[in-house]
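Worksheet for the structure shown next.
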Amino acid sequence: MKRTHHCNELRPAHAGQTVTLTGWVHSRRDLGGVIFIDVRDREGRTQTVFDPSDLPADLFKQAEHLRSEFVVAVTGKVRPRPEGTTNSKIATGEVEVMVTKLEVLNAAEPLPFQIDDPEAAAKVAEETRLKYRYLDLRRPEIAKNLRLRSKVATASRVFFDEQGFLEVETPILFKSTPEGAREFIVPNRREPGTFYALPQSPQQFKQILMVAGVEKYYQLARCFRDEDQRADRQLEFTQVDIEMSFIEREDIYALIEGLLKRVWKVALNLDIPTPFKRISFEEALNRYGIDKPDTRFGMELVDFTEEFRASSFKVFSGAVANGGVVKALNAKGLASATQGQIETMTEYAKGFGAKGLAFIKVENGEWKSPIVKFFSDAEKAALTSKLKIEEGDLILFAADQWLTACEILGKIRLYAADVLKTQGKLTIDPNRFDFLWVVEFPLLGFDREQNRWYSSHHPFTAPVAADIPLLKTDPKKVHGQHYDIVVNGVELGGGSIRIHQPDVQKTIFEELLQIPPDMVQARFGYMLEAFKYGAPPHGGIALGFDRLIAILCKTPSIRDVIAFPKTAKGTCLMTESPGTVDPKQLRDAYLELKLPKKPPGDSAGNVPPKA
Ligand code: ASP
């Protein structure tokens, strides 16, 4: 009973042929004594018919016992469906198979949730779907995501091969270099007290591969970061990781534009225009209040610092006197915002340290706001003309240090857009993709609490050559040769041209980042040494592969595009991982547990991994 066709193959032209199909019982209907079974495999489904008037009694009896998700092989003759019974929703909807032979390859118990109805399945709690992930993955709606993922991975590999790249695997057991995110650590029983760490990315290895003369490296690399989970984060994830020698920023832009053009064509049959637009970090913040702007809608931030410098509204003029700025945005048509929505936006502002949120509702020809009475006519006129204020608008303000004011309104802008979308006042074409390079990032940021500089990207990013003299005199003015690729407000990836001179790298580590020399030696000594033996100029980038696929699948959650994702708490509900280990395993690793009195685990006693 080997299959002759898959379940998405039969058409009217096959009528009269005897075929064998294998797969799962997708659905069963009993009508007027006849049993209809839709048999489903990976490719699709086909209706099969058990007609008692044509069949030996024992075969029909067997058919009566079939239940959802039994695994079967059926043989029978293809015929066109009778008039009026065709199903235009499925590709095989014009035919059916009149069964003459049935083999039950395996039975299935009653399912924990129904998988043949997409609407019903979408309502099932995600925990249940993740616990029975193998059933969830049988659903065509999820299965198609894995298929697309595989297709995009293959297309990317072909693309890189054409461009002369080598795919090189790098170690999963690495060592701790706690510069970025929190790491997962692995005890080494061979040398008690020492640990491997799982790589946050293959960054150091790929740079070493450049020193090793590989010139063009890529990898679909697994990365591990022990970070708090958000909708678009997982503890382990995949990056399309790239590094090249003897290149400049422009080469990376062109490469990635070529890759994404190919991927969008293969995945969605869309031709995306290249080259992509570019925007500086500063302009992105000034206009959109975020370094990964969604440019599919307007509602840009507008600066009013000059207009309010001498205002009698002290909240604004005071902020300017303190070296800050006044910015505003017009949430078009949102004067109807509810008290709850205004509170949400106010909380966002407070989250950035603001005392509150100033706003004006433009309703019934009036500006409704307690602050308006402080505004002069000139200030009001400036607001009206620069923000194009009309009836029904909601104007929101931020008066603070530049970055904070931008970030407050940036967050509010996205929230306002979401509200407008649900109200049907803002629509965005689902096939619109606004790609953007964000460039000219500052090399360093300043951590006030720790009173020290930190790398805005990572410590291997090269400063813009012209800015190198400023490293010692005015570090905050130094730009990095760093770039991010953004689409529709999602950061798809980022990278940089690297430092390849050991002395510059050492200055960055020791003088700017103030990592003590012995620590630099312990963590990065091998890299500094490698760079002494002829390191070529090089640079690279990494794209978040899960995020890329989620965008192509048009799903907001990367869990939908990962075969076996973890929950927000970092657990795999199917395998019940993480779990405890035997005392012997601990002894072998020379480890002893010191558990908190009340473990911060879930009800199943699963303690989250500790760093
Ligand atoms: N390794 C970097 C990251 O994971 C990307 C890069 O600089 O190539 O963000």
Inset, instruction - For region 166-295, evaluate the Debye formula with one uniform point scatterer on each Cα (no solvent term) and list log10 I(q)/I(0) at q = 0.16, 0.18, 0.22 Å⁻¹, rounded to two decimals. - result: -1.10, -1.25, -1.30
Legend entry - chymotrypsin sites (Phe, Trp or Tyr not before Pro) lying in DSSP loop within region 505-582, provided at most 13 other Cβ fall within 10 Å: Tyr533
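Between Glu43 and Arg296, what is 0.36 nm times their sequence separation minus the Cα-Cα distance? Round to one decimal in nm. Walk me through the intermediate numbers first.
Details: separation 253, 0.36 × 253 = 91.08 nm, distance 3.53 nm.
Value of the extension gain: 87.6 nm.
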Inset, instruction - Can you grab the distance from the C-alpha centre of region 302-368 to the C-alpha centre of region 150-209, Å, no decimals? - result: 46 Å
Legend entry - Estimated FRET transfer efficiency (Leu595, Leu137; beta-carbon r; R0 56 Å; 0.05): 0.95
Legend entry - Sparse-neighbour loop sites [GluC sites (Glu not before Pro); region 22-129; at most 10 other C-beta within 10 Å; DSSP]: Glu83
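Please state, to two decimals, what the Cα-based radius of gyration of region 335-397 comes to when divided by 2.2 N^0.38 Å (N = residues). Show your work: numbers first, answer last.
Working: Rg = 12.2 Å, N = 63, 2.2 N^0.38 = 10.6 Å.
Taking N as the residue count of region 335-397, the ratio is 1.15.
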Inset, instruction - Counting only C-alpha contacts under 8 Å and six or more residues apart, can you give the relative contact order of region 338-401 as a whole percent? - result: 36 percent
Legend entry - Largest to smallest accessible area among Phe375, Phe195 [probe 1.4 Å]: Phe195, Phe375
Legend entry - region 169-214: relative contact order as a whole-number percent, Cα under 8 Å and 6+ apart: 37 percent
Legend entry - Tilt relative to the chain, helix 339-351 - C-alpha long axis, 0 to 90 degrees, to 10: 60 degrees
Inset, instruction - In whole Å, largest first, what are the principal axis extents of the Cα atoms in region 385-440? - result: 37, 36, 21
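Quick one: of the DSSP bridges fully inside region 37-149, what percent are antiparallel, nearest 5?
Details: 15 of 17 bridges.
In region 37-149, DSSP labels about 90 percent of beta bridges as antiparallel.
Over the chain, what is the percentage of antiparallel beta bridges among all DSSP beta bridges, to the nearest 5?
On the way: 90 of 98 bridges.
Expressed as a percentage, antiparallel bridges in the chain total about 90.
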Legend entry - Length-normalised contact order for the chain - Cα pairs under 8 Å, 6+ apart - percent: 13 percent
Inset, instruction - Please express the Cα-Cα pair-distance distribution P(r) of region 1-94 as a list of whole percents, one per 5 Å bin, running from 0 to the bin with the greatest distance. - result: 3, 13, 25, 28, 22, 8, 1
Legend entry - Using alpha carbons only: equivalent-ellipsoid semi-axes of region 205-272, gyration tensor based, whole Å: 23, 22, 10
Inset, instruction - Just read off the accessible area of Tyr483 with the full protein assembly in place, 1.4 Å probe, to the nearest 10 Å². - result: 0 Å²
Inset, instruction - Rank these by accessible area, largest first, 1.4 Å probe: Val490, Val520. - result: Val490, Val520
Legend entry - Scattering curve values for region 234-300, log₁₀ I(q)/I(0), Debye with Cα scatterers, q = 0.15, 0.20, 0.26, 0.28 Å⁻¹: -0.75, -1.10, -1.09, -1.10
Inset, instruction - Sketch the reach of a paramagnetic label on Gln114 as a point 7 Å from Cα along Cα-to-Cβ, and name the residues of region 23-46 whose backbone nitrogen lies under 20 Å away. - result: 24-32, 35-41, 45-46
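Please state, to two decimals, what the Cα-based radius of gyration of region 263-409 comes to when divided by 2.2 N^0.38 Å (N = residues). Kindly include the intermediate steps, with their values, before the conclusion.
Working: Rg = 17.2 Å, N = 147, 2.2 N^0.38 = 14.7 Å.
Compared with the compact-globule rule of thumb, region 263-409 sits at 1.18.
Where does the charge balance sit around Cys406 when Lys and Arg score +1, Asp and Glu -1, over other residues with C-beta under 12 Å from its C-beta? Write out the running numbers ahead of the final one.
On the way: positive: Arg287, Lys327, Lys411, Arg413; negative: Glu282, Glu283, Asp291, Glu300, Asp303, Asp400, Glu407.
Value of the local net charge: -3.
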Legend entry - Formal net charge of residues neighbouring Glu191 (Cβ-Cβ distance under 15 Å; K, R +1; D, E -1): +2
Legend entry - Portion, in percent, of the accessible area of region 344-482 that falls on carbon or sulfur, probe 1.4 Å: 52 percent
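Roughly speaking, what % of Cα-Cα pairs in region 458-551 are separated by over 22 Å, rounded to a whole number? Present the calculation step by step, with values, prior to reporting the outcome.
Values: 1737 of 4371 pairs.
Result for the distance tail: 40 percent.
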Legend entry - Along each principal axis, Cα extent of the chain, largest first, Å: 93, 74, 57
Inset, instruction - Evaluate E = 1/(1 + (r/R0)^6) for Thr580 and Lys101, where r is the Cβ-Cβ distance and R0 equals 41 Å; express this FRET efficiency to the nearest 0.05. - result: 0.25
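Could you give the alpha-carbon Rg of region 102-217 over 2.2 N^0.38 Å, rounded to two decimals?
Numbers: Rg = 21.9 Å, N = 116, 2.2 N^0.38 = 13.4 Å.
Relative to the 2.2 N^0.38 Å estimate, region 102-217 comes out at 1.64.
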Inset, instruction - Using label points projected 7 Å from each Cα along Cα→Cβ, tell me how many nm separate Gln450 and Thr344, to one decimal. - result: 3.4 nm
Inset, instruction - Have a look at region 68-119 and give its Rg and Dmax from the Cα atoms, expressed in angstrom. - result: 14.0, 36
Legend entry - Local electrostatic count, Arg157, Cβ distance below 12 Å [Lys/Arg +1, Asp/Glu -1]: -1
Legend entry - For region 1-139: lysine pairs under 21 Å (alpha-carbon distance), excluding those fewer than 8 apart on one chain: 6
Inset, instruction - Estimate the FRET efficiency between Asp271 and Lys314 by the formula 1/(1 + (r/R0)^6), using the beta-carbon distance for r and 51 Å for R0, to the nearest 0.05. - result: 0.40
Legend entry - Shape metrics for region 364-414, restricted to C-alpha atoms - Rg then Dmax, Å: 12.3, 34
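The values are calculated or read from the model by the stated rules, or taken from the named source; none is laboratory data. Worth saying up front: this structure is predicted, and the values here are computed from it rather than measured. Neighbour counts are summed over all protein chains in view; Cβ atoms, including those assigned to glycine, are modelled from backbone coordinates with ideal geometry. Accessible surface areas use protein heavy atoms only, side chains included; no ligands, DNA or RNA. Shrake-Rupley method; radii C 1.70, N 1.55, O 1.52, S 1.80 Å.
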